[in-house]
Amino acid sequence: MIQALWIAMGVATVVLLGAAMQQKNHKVCSEVKIEISGAEEHMFMDEKDILQIINASGNVVGKDISSISLQQMEDELEVNAWVKNAELFFDNNQVLQVSIQERQPIARIFTTQGSSFYLDTAAVQLPLSEKLTARVPIFTNFPSDKKVMAKGDSLVMQQVIQLGKFIMADSFWMAQIAQIDVTPSATFEMIPVVGNHIVSLGDASDLENKFNRLYTFYKKAWVQNGLNKYEKLDVRYNNQVVAVKSGMSAFRVDSAKATQLANNLAVPSADSLMSTIQPNEPKRNRDTIRTRTATTAVKPVQISSNNKPIQNKPKPVVVPKTNTGNNKQPKAVMNGGN
């Protein structure tokens, strides 16, 4: 008798739950609420964009919940390159809750083929936007614009991600570095905002020590000579900065003690960097891109508001050739000089 009673109660519970589910499915969507996360500085998708995708087959508000495929909507949202993840569900008030995780760019790439795109930390290529231009490190002369890259190009892209993340984490370098050029040997050369020199960085290894040496040299150069006296700085070699003054040979600055000093220096903010610029050291526009030519001349390319380059014709700046060889140290003609 007791067993039969428990069975009857179980059946009744199942029936009631089924009736409740059926009643809920016949209810209509009352509202759509959208939450977008992951966009710390740049929001390339807004609620209007999300609603346009959700309502592609008709307005969901007022539609029977049973006729709405949440999985299909999630798939359609995730087709968009800027959507990293999408999750949708109905709450107890029949409100469609939409949670979007947006991808964040860490670099903007200009390829040798003439195309341009953003890159996130997962090496996903993101399209340019007509809404805004992200303030991220700019890399020029990248060797490929293919979605699926060769192994060598893929390794370069991983270094781009590593270098982009390092620069974005420091407001000083975000303010000082105008762009980074990928060389034919798959290394990096940086063009600064302040000064008319080029910084030879090598690959993306040991970035903290390389940038510490460069920062220490900047502190010394600003005080003694200013940065316009230099054509090239090379930080590829341990415990030293190889500097080339305008019209002179290279000299080596032993920075074993200077690197130790750099670790104790407080890195100034971007505003502090700008206030350090001398009147004879003009600021460069962050939207100015320099491209490599066959004669190694460097010419600016201005980016317009619609993200397309506008060719200018200023006087070329010729990059001096230094005999570095295969990772060999340039001949030092003066030690410990300025």
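Of the residues Leu155, Leu119, Leu132, Leu163, the single one that is over 21 Å from Met190 (Cβ atoms) and either hydrophobic (A, V, I, L, M, F, W, C) or in the same structural domain as Pro192 (by TED's automatic domain parsing) (or both) is Leu132. Within the stretch 89-99, one or more residues are crowded, with 18+ Cβ neighbours inside 10 Å, touching a residue at least 40 places away in the same chain (Cβ under 8 Å) and not in a loop (DSSP other than H, G, I, E, B). The C-beta contact set for the stretch 100-113 (first residue over 18 Å from Val160 (Cα atoms), second residue among the basic types (Lys, Arg), distance under 9 angstrom, 6+ apart or interchain) comprises Ile100/Lys84; Gln101/Lys84; Glu102/Lys84. Of the residues in the stretch 151-163, at least one is over 22 Å from Asp206 (Cβ atoms) and at pLDDT 90 or above. Quick check, is Gly114 surrounded by fewer than 20 Cβ atoms within 10 Å (Cβ to Cβ) and either at positive phi or among the basic types (Lys, Arg) (or both)? Yes: the conditions hold for Gly114.
The values are calculated or read from the model by the stated rules, or taken from the named source; none is laboratory data. Since this is a predicted model, take the numbers as computed values, not measurements. Here the Cβ is made from the backbone with ideal geometry for all residues, glycine too, and neighbour counts use every protein chain on show.
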